[in-house]
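What follows is a short report on a single structure.
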Amino acid sequence: MNARTPMLLLAATLALAACKPAVDPKAVAAAQAAADEKAAGEMAKSFDEAVALGKWDVARAHGDVLTAKYPNSQAAARIKPQYEETKVKAVEALETRRLAALWSYQTQAVLKGGEQRSAALYAKDHIDTDGSGAKEVRLIFRDHPQWGRSSYLVLQAGDFNCYSGCKVQVKIDDAAPKPMAASRPKTDEAIAMFIEDERALWRSVRNAKTIAIEFPVKAGGTRTAVFEVGGVDASQLPGWK
């Protein structure tokens, strides 16, 4: 290699660079905008499909990503009104699932060819019924082929003051409390108190969001258990009307 070789290579490089067309910033920006709009359009399509299927949480997720990543896109502008509605429906759907999950259902074979069905849920808050600390209170509806239909409260500790019969106060949503007859059976199998008009209580549960039951306890006074009943699946007890 002679002394002129580096100079020749540099000259050739500069010549090649001069041959390359200049980059147009506007063209680059336009291409990027088109790519973004295409991507936003695909997200909007997924949003539309989820809305059509009533999958509000999925639709909201697509809308969240679209409006966050491509806020100035035509697709974001198009879905905005429905996206706002979808956010509300997604919250409602989440609450519906939460309320439904509060209930538990059981079907158990009993006697010859018979079955016992039950629907139960725990009170919204734990309650101290005897000074030993707050514990769960459960409301159960039971349909037994031999014992019939019944509704009752179950405590984890303490006891009901209702062995000779009593009245509990039942409040449905914002309505005034109404008295209902109740009784505590003489048994050690469970700390249970039956609410005698199980049909009326079940009808109330089916049409309410919350019910509050005030009951007497042996420790003195009364306690109130609040149940979020709005998610009940009434078909689980088909014999109840």
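The table below lists the values:
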read-out	value
Surrounding net charge for residue 228, when Lys and Arg each add one and Asp and Glu each subtract one, Cβ distance under 12 Å	0
Leading residue at positive end of dipole, the chain (Cβ point charges), from 160, 88, 208	88
Solvent-accessible surface ranking, highest first, for 240, 56 at 1.4 angstrom	56, 240
Charge tally in the Cβ shell below 11 Å around residue 137, where Lys, Arg are +1 and Asp, Glu are -1, residue 137 excluded	+1
Whole-number accessible area per residue in Å² for the stretch 21-65, which is evaluated in the context of all protein chains at 1.4 Å	66
Sites residue 65 and residue 124, calculated FRET efficiency, Cβ-Cβ separation with R0 30 Å, nearest 0.05	0.30
Three-way shape label, the chain, alpha-carbon gyration tensor, a/c 1.5	prolate
Estimated FRET transfer efficiency (residue 203, residue 77; beta-carbon r; R0 41 Å; 0.05)	0.25
Sequence of 91, 205 from largest to smallest accessible area, 1.4 Å probe	91, 205
In Å², nearest 10: area of residue 78 left accessible to a 1.4 Å probe	130
Surface share of carbon and sulfur [accessible, 1.4 angstrom probe, percent] for the stretch 15-150	56
C-alpha center-to-center spacing [the stretch 106-154, the stretch 215-241] in angstrom	9
Greater than 26 Å apart at Cα, pairs in 87/135; 171/241; 167/241	87/135
Gained length - residue 222 relative to residue 147, 0.36 nm times residue gap less alpha-carbon distance	24.1 nm
Net lengthening on full extension, residue 109/residue 187 (0.36 nm per residue, minus Cα-Cα)	25.8 nm
Rounded to the nearest 10 Å², the accessible area of residue 62 at probe 1.4 Å	60
Cα shape, the stretch 75-136, gyration tensor, a/c 1.5 rule	oblate
Axial C-alpha extent at least 20 Å, average Kyte-Doolittle at least 1.6 - helices from the chain (DSSP)	5-19
Estimated distance in nm for a label pair at residue 174 and residue 196, the labels positioned 7 Å out from Cα along Cα-to-Cβ	3.2
Rounded to whole Hz, the Karplus (6.51, -1.76, 1.60) HN-Hα couplings of the stretch 147-154, x for glycine and proline	8, x, 9, 8, 9, 7, 9, 10
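The values are calculated or read from the model by the stated rules, or taken from the named source; none is laboratory data. Just so we're clear, the structure is a prediction, and the values are computed from it rather than from any experiment. A quick note on method: Cβ atoms are made from the backbone with ideal geometry, for glycine too, and the neighbour counts reach across all protein chains shown. When the accessible area is computed, the model is the full protein with side chains, heavy atoms only, and any ligands, DNA or RNA have been set aside. Shrake-Rupley method; radii C 1.70, N 1.55, O 1.52, S 1.80 Å.
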